[in-house]
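For reference, the structure is listed below as C-alpha cells.
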Amino acid sequence: MYVVITGASKGIGKAIAKEFAENGYNLLLCSRNEIDLNKTAEELQTQFSSVNIKAKAFDLSKQAKEFGQWVLDNNITPKILVNNAGVFEPGNVYNEPDGLLEKQIETNLYSAYHLTRKLLPKMMEAATGHIFNICSVASLQAYPNGGAYSISKFAMAGFSKNLRQEMMPHNIKVTTVYPGAVFTKSWGNFDNSSNRIMEAEDIAKMIYAASQLSAGACVEEIVLRPQQGDL
Ligand code: NAP
C-alpha cells in the first residue's frame, strides 16, 4: 500500500513519512529541493529497508499535476494521500508585500487541489482511500500576523470540507488536520526545551491513528494545540 506525501523532505511531512514507513507502508514523496528530498528518502530507506520508497522533486505551486502524473506513471493508486506541502510567511493584509497571497494560495491550496484532482479518478475507481489535508489553527480563526497565510489556510479548509462531502459515496475518507504550533525548521532558532510547542511526531501519530479505523468510520477533523495553548 502506497502513501503519497507532499512536503516530505522535512518537518511534519517527514515525520508522517517516517510513521507510515515504520508501519510497513510504501512511500511516494515530493518536495522542491531535490537534495533535501533524496537525503530524506535515503535516510528512511536505510532505516526501513523492507518498504519501497520513491521520491521526485517538483515545485507543487506550479507542477502539482506533473507530480500526480508521475505517481500514475509509476502505476500506483495511492491508498493514502497527505497534502502537507506549505509555506508560512507572516504578514498583515494592509501592508504585506504584493504577491504574498498569490504565492501562499499557490503553494498551500492549489498544490493540494490539483494533485488531488489528478489522483482522485484512480482512487474513486478503487473505491477506497484516505486523504489528509494539513490546514492549521489559522484555518479556524484570525491570528496576529496571519495575513495571507491565514487566508490560504481558510481556503484549504474549505477545499477539505467540500471534498469530505463529495467523497462520502465514493468510500474515500477525508480528514482535515488543524495543527497549532509545531516545532519544525520554520520555527528557526525557537528554544523548545520546555516543550512549549508540539513535535512533528505528534501530528504524525494522530494521522496514522486516524488512518487505522474500521471502514465505516472517518475522522473528519483533527485539532491539535500545544498543551499550554497557542503562543
Ligand atoms: P517545513 O518544515 O517548512 O516543511 C515544508 C515542506 O514543504 C518541505 O518539505 C518543503 O520542501 C515543502 N515545500 C514547500 N513549498 C513547496 C512547494 N512549492 N512544492 C513542493 N514542496 C514544497 O514546514 P512544516 O512546519 O513541516 O509545515 C508543514 C505543513 O504544516 C504546512 O502546510 C504548514 O502550513 C502546516 N502547519 C505547520 C505548523 C507549524 O507550526 N510548523 C502549524 C500548522 C500548520 P522544499 O522547501 O524543498 O520545497
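Given the structure, is VAL223 assigned to a strand (DSSP E or B), of a type in the set (A, V, I, L, M, F, W, C), within 13 Å of the ligand (Cβ to nearest atom) and surrounded by fewer than 20 Cβ atoms within 10 Å (Cβ to Cβ)?
Details: assigned to a strand (DSSP E or B): yes; of a type in the set (A, V, I, L, M, F, W, C): yes; within 13 Å of the ligand (Cβ to nearest atom): yes; surrounded by fewer than 20 Cβ atoms within 10 Å (Cβ to Cβ): yes.
For VAL223, the condition - assigned to a strand (DSSP E or B), of a type in the set (A, V, I, L, M, F, W, C), within 13 Å of the ligand (Cβ to nearest atom) and surrounded by fewer than 20 Cβ atoms within 10 Å (Cβ to Cβ) - is met.
Pairs, please: C-beta under 7 Å, at least 6 apart or cross-chain, first residue over 14 Å from MET1 (Cα atoms) and in the stretch 66-78, second hydrophobic (A, V, I, L, M, F, W, C)?
Sorted first by the residue in the stretch 66-78, then by its partner, the pairs are GLU66/PHE58; PHE67/CYS30; PHE67/PHE58; PHE67/LEU60; PHE67/LEU115; GLY68/LEU115; GLY68/LEU119.
What strands (runs of 3 or more DSSP E) completely inside the stretch 1-103 contain at least 3 residues that are in contact with a Lys or Arg (Cβ under 8 Å, 6 or more places away or on another chain)?
Numbers: elements: 2-6, 26-30, 53-55, 80-83.
Correct list: 26-30.
If we keep just the residues of the stretch 30-69 that are among the basic types (Lys, Arg) and within 24 Å of GLU102 (Cα to Cα), which is farthest from the ligand (Cβ to nearest atom)?
Step one: of the stretch 30-69, the residues among the basic types (Lys, Arg) are 32, 39, 54, 56, 62, 65.
Cutting the leftovers down to within 24 Å of GLU102 (Cα to Cα) gives us 32, 62, 65.
Working: ARG32: 3, LYS62: 8, LYS65: 13 Å.
Ranking the qualifying residues of the stretch 30-69, first place goes to LYS65.
Which pairs turn up if I take residues in the stretch 105-119 that are touching a residue at least 40 places away in the same chain (Cβ under 8 Å) and among the basic types (Lys, Arg) and look for partners that are part of a helix (DSSP H, G or I) and surrounded by fewer than 23 Cβ atoms within 10 Å (Cβ to Cβ) with beta carbon separation below 7 Å, at least 6 apart in sequence or on another chain?
LYS118/LYS65; LYS118/GLN69
Which one of THR128, THR107 is crowded, with 17+ Cβ neighbours inside 10 Å and hydroxyl-bearing (Ser, Thr, Tyr)? Break it down into steps so the answer makes sense when it comes.
Numbers: THR128 fails: crowded, with 17+ Cβ neighbours inside 10 Å.
Exactly one of THR128, THR107 is crowded, with 17+ Cβ neighbours inside 10 Å and hydroxyl-bearing (Ser, Thr, Tyr), namely THR107.
Could you check, for the stretch 182-198, whether at least one of its residues is modelled with pLDDT of 95 or more and under 24 Å from ALA126 (Cβ atoms)?
The answer is no, given that none of the residues of the stretch 182-198 is modelled with pLDDT of 95 or more and under 24 Å from ALA126 (Cβ atoms).
Are any of the residues in the stretch 182-189 part of a helix (DSSP H, G or I), among the polar types (S, T, N, Q) and surrounded by fewer than 21 Cβ atoms within 10 Å (Cβ to Cβ)? Can you show your working first?
In the first step, residues of the stretch 182-189 are kept if they are part of a helix (DSSP H, G or I); the result is 185-187.
Then drop every residue that is not among the polar types (S, T, N, Q), which leaves 186.
When the remaining residues are screened for being surrounded by fewer than 21 Cβ atoms within 10 Å (Cβ to Cβ), the result is 186.
Looking through the stretch 182-189, at least one residue is part of a helix (DSSP H, G or I), among the polar types (S, T, N, Q) and surrounded by fewer than 21 Cβ atoms within 10 Å (Cβ to Cβ).
The values are calculated or read from the model by the stated rules, or taken from the named source; none is laboratory data. Computed from a predicted model, the values in this text were never measured in an experiment. A quick note on method: Cβ atoms are made from the backbone with ideal geometry, for glycine too, and the neighbour counts reach across all protein chains shown.
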